[in-house]
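Below: one structure, written as structure tokens.
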Amino acid sequence: MSPWAAALLGLGAVACWLALYLSLSRISGWLTYSVLGLAEGKHVSSAVEFLVFEVPKVLLLLTAVVFAVGIVRSYFTPERTRRILAGTRESVGTVLAALLGVVTPFCSCSAVPLFLGFVTAGVPLGVTFSFLISAPMVNEVALVLLFGLFGWKVAAIYMGTGLVIAMASGWTIGRLGMEDQLEPWVRKVRAGDGEEPIVAIGWRDRIGFGLEALREIVGKVWPYVVAGIAVGAAIHGWVPTNFMAKFMGKDVWWGVPLVVLIGIPMYSNAAGIIPVVQALLGKGAALGTVLAFMMSVISISTPEIIILRKVLRPKLIAVFVGVVTVGILLVGFLFNALL
Amino acid sequence: MENAPHRKIEVLGPGCARCKETYRVVQHVVEKEQLPFDVEKVESIERMVELGLMATPGVVIDGKIVVYGRIPKADEIRAILAKA
């Protein structure tokens, strides 16, 4: 394909995307009331309209962002991130690590090799944790869903507080001087040189990476999105509006610790949890409580802790979980108090 | 070809879905093309560190990382093995 044809194709795709996105609310109303012939004002109609509007909307947003992030990530390999982090002062490194956590490709099953790759190359422990906390928590799928369902303010709050928790936790762990809490075999290993494979990457490859990310991520998470939104739709239509206020309202002080306690051991990707979150918010749960729940579910999970146990001693794991939990609790209380 | 010593391909990963898929792709290519390679799934973290692998899954031929951090396509593996 010539560059011109490729550019034209790209523009066409963007135009189609925009046209679809902008006409979604009309299409969903038409589908619900004209095609399916549901009566306005009924529970079932409001649930169906919600479903046929939200599912394509979220999937469209997801497609655009995952593709874009796939391209951005082709510029940030773990080796490059490590090199940047190994060469900076700890204070700067902690901040930088949280930011790089957002754009460096990361999968929770790579957490341990990556952790070791960083630590054995001389990246300080606190800086490594800052990265390790931010990478799963500030995640593009979470941001898209938050933006799509609640608007840019909630998405920005989430990203901002997620980064702050990562930096603060990393900094705290760094101050505690816990290098002796790595498993003994870890301290003995010499870093592999981890040379970056020298491959010339052109635009074509980067777009290929974007498409690959699209297939891999959207192809995997769409059932969760649909299932989550369906749960949301059910709650939307049938559960009374203030039902959740009793358990997760602003004035229920124990709401935040309770949801964090439930959320920490749970494992779910952002796509699975956010539509449920939306349903909770819609039914009177407070934003701080809901954000705390979501952060605790996607940042730390039992499987991740089990894997990390291979390289960290229990004390360091406890500190890691403790510091992150405190950060999430503070975010929850703060937002409940402010909003 | 039959009697030539087999070389080793290691597919490294802690056992996540992406790693299993990668193993399947590599295994499939080797079997289908009847290439003289033994494919082995390695879950040892020590080995990953030793090789300097920071993103899984990783495909390693004779101790050299050829693909990492993503699931390779069958054609890609075929091309790599043809050159290896």
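No value in this document is a laboratory result; all are computed from the given coordinates. Computed from a predicted model, the values in this text were never measured in an experiment. Don't worry about glycine lacking a Cβ; one is built from the backbone with ideal geometry, like all the others, and counts go over all protein chains shown.
Amide H contacts under 5 Å for residue A:312: A:183, restricted to partners 5 or more places along the chain or on a different chain, H placed in the peptide plane at 1.01 Å from N. Database note for chain A: Cys without another Cys beta carbon under 4.7 angstrom, A:16, A:107. Multiplying the residue separation of residue A:42 and residue A:231 by 0.36 nm and removing their Cα-Cα distance gives an extension gain of 66.3 nm. In the protein assembly as shown, the alpha-carbon atoms span a convex hull of 160 Å³ per residue.
Calculation over all alpha carbon pairs of segment B:7-68 in 10 angstrom steps from 0 returns a P(r) of 25, 58, 16, 1 percent.
The angle separating the long axis of helix B:74-83 from the principal Cα axis of greatest extent in chain B is about 70 degrees. Seen against the Cα atoms of chain A and their longest principal axis, helix A:270-282 is set at about 50 degrees. Averaged over peptide B:9-16, the number of partner chain Cβ atoms lying within 10 Å of each residue's Cβ comes to 3. Just checking the listed ones, A:231, A:186, A:55: in the Gaussian network model of chain A with Cα springs under 10 Å, the one fluctuating most is A:186. Most simply put, segment B:7-68 has about 55% antiparallel DSSP beta bridges, counting only bridges with both residues inside it. The H on the amide N of residue A:249, modeled in the peptide plane, is under 5 Å from the matching H of A:286, each at least 5 residues off or on a different chain. For the pair residue A:318 and residue A:251 in one chain, pulling the backbone fully straight at 0.36 nm per residue adds 21.1 nm over the alpha carbon distance. Structure remark: mean-square fluctuation, Gaussian network model of chain A, C-alpha springs under 10 Å; the largest value among A:13, A:68, A:270 belongs to A:13. Remark: segment B:20-37, residue by residue, has Karplus-estimated 3J(HN,Hα) of 5, 5, 4, 4, 4, 4, 5, 4, 4, 5, 4, 5, 5, 8, 6, 8, x, 10 Hz, where x stands for each Gly or Pro and the curve is 6.51 cos²θ - 1.76 cosθ + 1.60 at θ = phi - 60°.
Each Cα pair under 8 Å and six or more residues apart adds its sequence gap; the mean of these over the residue count of segment A:1-101 is a relative contact order of 19 percent. When the pairs A:57/A:153; B:20/B:64; A:315/B:20; B:8/B:73 are compared against a 28 Å limit on Cα-Cα distance, A:315/B:20 fall above it. DSSP finds beta bridges in the protein assembly as shown, and of those with both partners inside it, around 60 percent are antiparallel.
For the residues A:98, A:285, A:64, a GNM of chain A with alpha-carbon springs under 10 Å puts the largest fluctuation on A:64. The simple spin-label model puts a point 7 Å past each Cα toward its Cβ; for residue A:6 and residue A:83 those points are separated by 2.4 nm.
Amide H contacts for residue B:67 (H built 1.01 Å from N in the peptide plane; partners 5 or more residues away or on another chain; cut-off under 5 Å): B:59.
Against chain A, whose longest principal axis comes from its Cα atoms, helix A:125-137 is set at around 20 degrees.
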